[in-house]
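Working notes, structure below.
The values are calculated or read from the model by the stated rules, or taken from the named source; none is laboratory data. These figures come from a predicted structure and were not determined experimentally. Cβ placement follows ideal geometry from the backbone for every residue including glycine, while neighbour counts extend to all protein chains displayed. Keep in mind that these areas ignore ligands, DNA and RNA; they rest on the heavy atoms of the full protein, side chains included. Shrake-Rupley method; radii C 1.70, N 1.55, O 1.52, S 1.80 Å.
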2 protein chains.
Amino acid sequence: MKEYLKHHEWQIIEEGFDPHVNKISESVFSIGNGRMGQRANFEEDYSGETLRGSYVAGVYYPDKTRVGWWKNGYPEYFAKVLNAPNWIGLHISIDNQKLDLAKCKVENFKRVLDMKVGLLSRSFAATLPDGKKVQVESKRFCSMANGELGAIRYAITPLNFSAKTTLSIYVDADVVNKDSNYDEKFWEEVHKEATPGKAIVTAQTKKTLFHVTTGMVYTIESEGKKVSIDRTNVEQREKFAGNVVQFELAEGKETVIYKYGAVLSSENHPKDKLVAACHKVLDEALVNGFDALLDAHIKVWEHKWEECDITIEGDVAAQQGIRFNIFQLTQTYTGEDERLNIGPKGFTGEKYGGSTYWDTEAYCLPFYLSTAEQKVARNLLIYRYKHLPKAIENAQKLGFKNGAAFYPFVTMNGEECHNEWEITFEEIHRTSAMAYAIRDYVHYTGDENYLCEYGLEVLIGISRFWAQRVNWSADKNKYVILGVTGPNEYENNVNNNWYTNYLGAWTLRFTLYAIEYVRKADGPRLTEIVSNTSFNEKDETAKWKDIVEKMYYPEDPKRGVILQQDGFLDKELLRVSDLKKEERPLNQKWSWDRILRSCFIKQADVLQGLYLFEDDFDIETVRKNFDFYEPMTVHESSLSPCVHVILASKLGYKKQAYDFYLRTARLDLDDYNNDTEEGCHITSMAGTWMSVVKGFGGMKVKDGKLHFNPFIPDQWKSYSFRLEFRGRVLKLKISKDGVETKLESGSPLTIVLKGEEVALK
Amino acid sequence: MKEYLKHHEWQIIEEGFDPHVNKISESVFSIGNGRMGQRANFEEDYSGETLRGSYVAGVYYPDKTRVGWWKNGYPEYFAKVLNAPNWIGLHISIDNQKLDLAKCKVENFKRVLDMKVGLLSRSFAATLPDGKKVQVESKRFCSMANGELGAIRYAITPLNFSAKTTLSIYVDADVVNKDSNYDEKFWEEVHKEATPGKAIVTAQTKKTLFHVTTGMVYTIESEGKKVSIDRTNVEQREKFAGNVVQFELAEGKETVIYKYGAVLSSENHPKDKLVAACHKVLDEALVNGFDALLDAHIKVWEHKWEECDITIEGDVAAQQGIRFNIFQLTQTYTGEDERLNIGPKGFTGEKYGGSTYWDTEAYCLPFYLSTAEQKVARNLLIYRYKHLPKAIENAQKLGFKNGAAFYPFVTMNGEECHNEWEITFEEIHRTSAMAYAIRDYVHYTGDENYLCEYGLEVLIGISRFWAQRVNWSADKNKYVILGVTGPNEYENNVNNNWYTNYLGAWTLRFTLYAIEYVRKADGPRLTEIVSNTSFNEKDETAKWKDIVEKMYYPEDPKRGVILQQDGFLDKELLRVSDLKKEERPLNQKWSWDRILRSCFIKQADVLQGLYLFEDDFDIETVRKNFDFYEPMTVHESSLSPCVHVILASKLGYKKQAYDFYLRTARLDLDDYNNDTEEGCHITSMAGTWMSVVKGFGGMKVKDGKLHFNPFIPDQWKSYSFRLEFRGRVLKLKISKDGVETKLESGSPLTIVLKGEEVALK
């Protein structure tokens, strides 16, 4: 855990230049706009430790898998988030010395991410090896108003000299991925052009053949006027195009480089129109200029914050934490493009390749349901609807038939691209995360028509999977589910993981409900679905009902707890507090076999089920299971603490709830898990939002009504959040004195506050 | 399954040239001498499908592992059997046309492996593209009389022309491994020299820095006289040295190239003496000449066959099968060097990297115990004794302490070099294969003093492992062993695999026995061992006794069978006969998850235990378990059928026993598993020997006495085998009429034949 960042309500602030934390800061200060983004790399050269990364949404590379022994059913590739062409770079030479912070004396270094306006700034004074000292101020944003545009204002002031300066300003597609299985480069050049003032490169990805066109234009000004340029040369190399410009820097005078970058992909333009479209974006940017572009960008952020801000009074660290989480989520996924999803690292790193995990449905959806227009959450659902044929293919590859749908664990285009058998083949609960998301969406929005439009087809596919995946145990006289990995990935190939069994049976029940709903709401549509899916309603639903009725659920009647899986009680039941400090984190200190046979739990498993199906279990059941499992839980997944905040809140375990909250909210800011340098934990950030709203706020939807059961951590004066709910906008402020509720817009609404109905107007 | 090889009692014969089976033949016709060997590659160039492979015992490369997600505790490398420098090659150009069977019309092709004398021969008539036709006859052997020497007699007769011929005769270390994780070459040049008539290359392996010196000398003769050479040039390239010789081939006249190869490794010579030693081997070979060298080689084979031949009358396929197995085993491991072991592919291929698996102890040891001098089996045991410190290190890496010994699953030098967690970390029964081998050796030879010398130290280490690996289940009130893979590798991470639990507890019992034995036999030695191993006898043995007493064994009282593991009865209990043909073999047709959760068994698991501990279980227990498990067994490991022959024989299931026998005996000859092209299944060949002797012959040792309970398959007229046992040589011939026993040498011996004592003189 590191705590080098200043606490501030709206800003992330790093003061002083410490190369050892640079990669962490590069992650934390990342900026993006849903379409593109990048790590907070320096614009100028930097020869110190850095992970350069620019990313374009939806553009990936299917890297040849690297496995030991091939197992039948493995996918052929592991999709990689691509380090995309670099549009931010500037090589600066002053009197033939490179500006490179690794080789300068650096003073007054300050890096600020202003989350309110989505602006990354940096300032420093650098003394070059020969004693020349320059002051640099840079500002950068990826425009939320135009997803294909980014802009940089880079100002240099010589403090003790005047000198000739050479600037190489460029776009560069000759970039590498750190996460490359065989050290390949993934981009090939398609087109490049450079004229004085402008440069464009189109590169294509190998295999997937995505085209990405990256361009830049620039102006160099001083005191509001263009500076006089000694010479401009165009510069072209393999996958690289730019200008080399020479001009004078005058002592004490600020010279400003405005660089506008355009990043366009063939996902959004025909390949043969990309270059023309890029010219257009660049030319317009030049006309508008930095300040106007920034204004438009800020306006979007103002609107976003209006929708989703959470305020916390009396605890700046907690306030900064929640805003950081909301900021990153918002700039990762805007919900405008139903082909996109929420990558586990967003635009902050390459790790975990692939874009979509069950994280989206289980952790992110509630955030978007409550803070964005309905279509955002709906687009997340439709993303999976569109992948249904691939999910059916995926199931077929593993021997399932008759339209069974097995959604992949990690995907880019609906195909599985994860290669560890214990996850790929066995962590099957993820396929029902798609079913649960449909239920969640319908419950929250009331848009039950979604079941007719898209939902039921997906549910039938998933239910067919479960009906084939269970088997009858003659020994138990029950249906069982063998050989699975539950959410707790510190167990593999277990039998009857309770969470999986419960979720599987629940999916069947929910699908049976959805069939009846569609029958009543839109009979002809049901007929159509039955025909499209070759659904043998009578036989298939009879089997499903039988499974629902006779599903096996492991439990320990003596302790009155649910059992995570068969045989769990054979383990030595230790507590995390029995572990020595030097044994943590287990995944770095213990061998895999030892982790597997221990009782220690990576993330909520039984408790994940009790959280998702909270109305199915009484509070005493929740308490007994929480008291049994939480002490064995090491929370070595970023997705773990938030579920525990919610349950601890429900149980009145205020201190624990607050501790878990801080852990999830400041996970990346304080580098809790010592891995933020690889990127931020984007999907778990939605869990932070849930921690406040569903945890402390006790929000849930039941029978179409919003319920709240809020409490306030002792450390806070007040907190408030805003929800969109079925056409209304609702604000809650919880303080020591009580709860203020306000209906900001929309028709009257009755909510349930601490068990009492309250009518809001 | 393919059946293209002719049946013959002593020979393997391929007639006609079929490029599609060439790689299979290259495996089957492999030759070796315990120190070196190679696939039956052609001497001359061949541009068709081939897997070139020469191998040097004990020389390996630790290839960087290739895994998906790194798991803590994984070894850093996977040892690779190295394709070693090639000493057999000849490039032959006749009138500027290469002799290359892929580009010639080939007639009368015949490849013969004469197992009686260990000689590989090949003959063919080849028509070159321009119509020139040559007859070639080649003979090759790796000398059993000198493990560093090989020889080739390569005779060419022009059938319809006379012409100038260019021969490039060489040694070449610029060879590649097929099994290379990152397409690296593993050899670097250290030294080379070439003079007219001789060439030597010393190459070293990267990382491991083994030096291998490979040299050759040659003569070219016709009608017993040296042919006149037009020109001899020396030829040197990177890692390559040879001569280029020009001479005339005269129509109808045989010209013979004698090439002698020497292969010496730094395992047997100081590095700076290798080249000199190589010269010596080569010079002596030239003096002796091909015929004398072959004579010396044949003499060794005569002696070997005397020791270990099995004859079968009335069934040529079965006779050929058993001889092939014995031949391959004998040329793979001679038992002279206690640093060596029996690689799963011997000198026939690269697959499975590493040299040593538990196969050695569980399958190969009995063969060497019965057919070779005692020191051969003893050397196999000492090999593991020498690895004890590494086994202790290996255990430490996984969190075990206090001298616990965990032998690796695959090893070259005692370190683990296998990288699949379900095997590396979980298939823990292999560590007790070392304990069982000690018991087997002591039982068979009566050499109980081995316990004092080496055995007890190993046993204490292994017992310490088990004592730490079990855990107390409060739920079961028993010791349990969680998270293991049993011999049936179609199950992973199961709890309480019966075989593992039984073997673990047995090891503790046997170690307790061994302690008492050593105390009585050599008290001071026990004191020494106690001190060397920091053995806390009182506490440690108390714990061991407790575990022995309270170990948990899963069973099904209803069916009266042992359970392979906890939860086995939750599976759908199908039979192999329920599977469709196109679903087999499962490991190629089913996804891994489906295999894991099915009941289907790769190789004997419970039955492996009933075979190893046959005297602990009554015949009814064996029958019930065989009848329950065998029908679920797919025998997709080459190690499976032999155990089933033995048990089926015991149960009087004659037809099944014979069918299993043919499957194991002709596995490679008939390419049962469609994988012989990668190399032969060397370790399972010992299982074939066991099938006859322990299966049909019903041989076992009990209370120091040899027992036999033979029967004869209906298809056979008679079979006979020879055993060495405690200084005697014993021969049994079983025919339809009865059993003939003969004591060929040694003092009188009482054996037990079908339950009756028989005194042999």
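Restricting the range B:153-186 to residues that are in a loop (DSSP other than H, G, I, E, B) and of a type in the set (Val, Ile, Thr) leaves a set whose member that is surrounded by the fewest Cβ atoms within 10 Å (Cβ to Cβ) is B:176. Within the range A:639-657, the set of residues being assigned to a loop (DSSP other than H, G, I, E, B) and open to solvent by 20 Å² or more (accessible area, probe 1.4 Å) comprises A:652, A:653. Among the residues of the range B:127-152, those that are open to solvent by 10 Å² or more (accessible area, probe 1.4 Å) and in a strand (DSSP E or B) comprise B:127, B:133, B:135, B:137, B:139.
The C-beta contact set for the range B:166-183 (first residue small (Gly, Ala, Ser), second residue outside any strand (DSSP E or B), distance under 6 angstrom, 6+ apart or interchain) comprises B:173/B:85; B:173/B:239.
Among the residues of the range B:356-405, those that are among the small types (Gly, Ala, Ser) and either assigned to a helix (DSSP H, G or I) or surrounded by fewer than 24 Cβ atoms within 10 Å (Cβ to Cβ) (or both) comprise B:362, B:370, B:372, B:377, B:391, B:395, B:399, B:403. Of all residues in the range A:570-585, exactly one satisfies the criterion of being at pLDDT 95 or above and within 19 Å of residue A:639 (Cα to Cα), namely A:576. For the range B:514-524, taking the residues that are touching a residue at least 12 places away in the same chain (Cβ under 8 Å) and open to solvent by 10 Å² or more (accessible area, probe 1.4 Å), the one that is farthest from residue B:609 (Cα to Cα) is identified as B:522.
Looking across the range A:98-126, the residues that are open to solvent by less than 30 Å² (accessible area, probe 1.4 Å) and in a strand (DSSP E or B) come down to A:109, A:111, A:112, A:113, A:119, A:120, A:121, A:122, A:123, A:124, A:125, A:126. Between B:507, B:511, B:527, the distinction of being in a helix (DSSP H, G or I), open to solvent by 70 Å² or more (accessible area, probe 1.4 Å) and either more than 14 Å from chain A (Cβ to nearest Cβ) or of a type in the set (Gly, Ala, Ser) (or both) belongs to B:527 only.
How many residues, within the range B:218-239, are under 30 Å from residue B:188 (Cβ atoms) and surrounded by fewer than 22 Cβ atoms within 10 Å (Cβ to Cβ)? Write out each step before concluding.
Filtering the range B:218-239 for residues under 30 Å from residue B:188 (Cβ atoms) gives B:218, B:232-239.
Applying the additional criterion that residues be surrounded by fewer than 22 Cβ atoms within 10 Å (Cβ to Cβ) yields B:232-239.
Summing the residues that are under 30 Å from residue B:188 (Cβ atoms) and surrounded by fewer than 22 Cβ atoms within 10 Å (Cβ to Cβ) in the range B:218-239 gives 8.
Taken over the range B:553-566, the criterion of being open to solvent by less than 60 Å² (accessible area, probe 1.4 Å) and more than 35 Å from the chain's Cα centre (by Cα) is satisfied by B:556, B:560. Restricting the range B:583-623 to residues that are hydroxyl-bearing (Ser, Thr, Tyr) and more than 14 Å from chain A (Cβ to nearest Cβ), the residue that is most open to solvent (accessible area, probe 1.4 Å) is B:621.
A count restricted to the range B:454-499 and to residues that are without any contact (Cβ under 8 Å) to a residue 40 or more places away in the chain and within 29 Å of the chain's Cα centre (by Cα) stands at 0. Condition first: within 28 Å of residue A:591 (Cβ to Cβ), surrounded by fewer than 20 Cβ atoms within 10 Å (Cβ to Cβ), among the basic types (Lys, Arg) and within 14 Å of chain A (Cβ to nearest Cβ). Can you find one or more residues in the range B:447-470 that meet it? Looking through the range B:447-470, none of the residues is within 28 Å of residue A:591 (Cβ to Cβ), surrounded by fewer than 20 Cβ atoms within 10 Å (Cβ to Cβ), among the basic types (Lys, Arg) and within 14 Å of chain A (Cβ to nearest Cβ). Just one of the listed residues (B:660, B:725, B:708) is surrounded by 24 or more Cβ atoms within 10 Å (Cβ to Cβ) and over 18 Å from the mean Cα position of the chain (by Cα), namely B:660.
If we keep just the residues of the range B:418-443 that are within 14 Å of chain A (Cβ to nearest Cβ) and of a type in the set (Phe, Trp, Tyr), which is farthest from residue B:466 (Cα to Cα)? Ranking the candidates gives B:421 first. Within the range A:526-545, the residues that satisfy the criterion of being on the phi < 0 side of the Ramachandran plot and touching a residue at least 40 places away in the same chain (Cβ under 8 Å) are A:526, A:529, A:532, A:533, A:535, A:540, A:543, A:544. Scanning the range B:471-500 for residues that are of a type in the set (S, T, N, Q), open to solvent by less than 10 Å² (accessible area, probe 1.4 Å) and within 12 Å of chain A (Cβ to nearest Cβ) returns B:473, B:485, B:492, B:496.
Annotation for the range A:48-64: at least one member residue is within 14 Å of chain B (Cβ to nearest Cβ), among the acidic types (Asp, Glu), farther than 25 Å from residue A:128 by Cα and in contact (Cβ under 8 Å) with a residue 40 or more places away in the chain. For the range B:406-426, a residue qualifies if it is within 14 Å of residue B:340 (Cα to Cα) and buried (at least 21 other Cβ atoms within 10 Å of the Cβ), and the qualifying residues are B:410, B:411, B:412. Looking at A:691, A:747 in this structure, which one is among the polar types (S, T, N, Q) and surrounded by fewer than 22 Cβ atoms within 10 Å (Cβ to Cβ)? Matching residue, one of A:691, A:747: A:747.
For the range B:71-89, the count of residues that are within 25 Å of the chain's Cα centre (by Cα), among the aliphatic types (A, V, I, L, M) and either within 14 Å of chain A (Cβ to nearest Cβ) or in a strand (DSSP E or B) (or both) is nonzero. Could you tell me whether the range A:256-269 includes any residue that is under 23 Å from residue A:140 (Cβ atoms), over 32 Å from the mean Cα position of the chain (by Cα) and not in a helix (DSSP H, G or I)? Yes, some residue in the range A:256-269 is under 23 Å from residue A:140 (Cβ atoms), over 32 Å from the mean Cα position of the chain (by Cα) and not in a helix (DSSP H, G or I). Looking only at the range B:530-552, count every residue that is hydroxyl-bearing (Ser, Thr, Tyr) and open to solvent by 40 Å² or more (accessible area, probe 1.4 Å) and tell me the total. Total meeting the criteria: 3.
Of the numbered criteria (1) modelled with pLDDT under 95; (2) closer than 14 Å to residue A:688 by Cα; (3) within 12 Å of the chain's Cα centre (by Cα), the one residue A:308 fails is (3).
Taking the range A:375-415 as the range and being within 14 Å of chain B (Cβ to nearest Cβ) and either among the polar types (S, T, N, Q) or in contact with a helix residue (DSSP H, G or I) (Cβ under 8 Å, 6 or more places away or on another chain) (or both) as the test, the residues that pass are A:394, A:395, A:396, A:398, A:399, A:400, A:401, A:404, A:406, A:408, A:409.
Has the range A:621-637 got at least one residue that is modelled with pLDDT of 95 or more and of a type in the set (Asp, Glu)? Yes, the conditions are met somewhere in the range A:621-637.
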